[in-house]
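A short worksheet on the structure shown next.
Readers should treat all values here as calculations from the given coordinates under stated rules, not as data from a laboratory. Bear in mind the structure is a predicted one, so any value in this text is a computation, not a measurement. Every residue, glycine among them, receives a Cβ derived from its backbone with ideal geometry; neighbour counts consider all protein chains shown.
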Amino acid sequence: MINLIYFSPTKTTEKIVSQIAAAIADTDLQRYDLTRMSTDVPARISAGTTIIGVPVYAGRVPAIVLERLARLQGDGLPAVLVVVYGNREFEDALRELADVVTTKGFHVVAAAAFVGEHSYSTRQQPIAQNRPDQTDLEHASAFGVAIRKKLSVSKQPAPPSMIPGNVPYREGVVLGQIAPETITERCVLCGLCASACPTFAISVIDQVLTETAQCVMCCACVKGCPHEARVMTHPVVAERRTLLAQNCRQRKEPQWFL
Ligand SMILES: Cc1cc2nc3c(=O)[nH]c(=O)nc-3n(C[C@H](O)[C@H](O)[C@H](O)COP(=O)(O)O)c2cc1C
């Protein structure tokens, strides 16, 4: 039995953890998608291996993920941790995730950092565009096979010999002041932006309204708009995007800690 728990507004984390899950075992898979809370996470996971996948926001686990995982308890079950970052750095995110999940009673048996297209990436200013690609997915499968071997050798396998990251963790991202905007001439009021938003911050009736205070800047609405009518053009993000597109061109590869 595999429990697959993830938060993935722009779907890169979802792709990677799904691939890892398929390679660990061909058994029952219980998905808990925290993105829109379409399945409620139980307070207690009582059987199986649990994979937890989250994107990296400012080198940390996004605060919204910690809120959505608040009730979860692991009862000593094995956990596999995955962070997905946009080819800049993952800094303290994996360390933080390991600390949180251990406090919840899971036994961390493997951890990894994978790369996904950056939330701020655009066609004009690409950052890790189209990742995870085939090579990343092959890495994800190989990681899954390595975990399967580790779990088959012992019922209580040793934790990874090291998980990178510093304590105290770096300062998290400040939210609530910046949100994507709508180009009204392109918008057809289809509502896909609203149905992609993990915090239900968007409402669409005869116009698109966005509650900036609720926005986590994930860009699910931007990437999910088939008409390119949602854009993240705030000057703070525009400046960041330019820097990232310039400085993060060199491809980073997945890293595992077993
Ligand atoms: C607010 C915010 C902060 C981010 N911070 C980082 C970061 O510190 N390092 C990095 O490489 N990528 C960063 N990213 C990019 C995401 O980690 C990356 O795009 C990830 O693949 C998104 O996962 P998802 O597709 O599952 O939503 C950030 C994205 C957002 C929205």
Can you sort Ile16, Ile51, Ile163 so the residue with the fewest Cβ neighbours within 10 Å comes first? Ile163, Ile51, Ile16
Are there cysteines in the chain with no other Cys C-beta under 4.7 Å, and if so, which? Cys187, Cys190, Cys197, Cys215, Cys218, Cys219, Cys225, Cys248
Amide H proximity to Tyr32 below 5 Å, modelled H, separation 5+ or other chain, gives Leu4, Ile5, Tyr6
Which residue, Gln246, Gln129, Gln73, has the most motion in a Gaussian network model of the chain that connects Cα atoms within less than 10 Å? Gln246
Where the Cα pairs of region 181-233 fall when distances are cut into 5 Å bins, in %: 4, 24, 38, 25, 8, 0
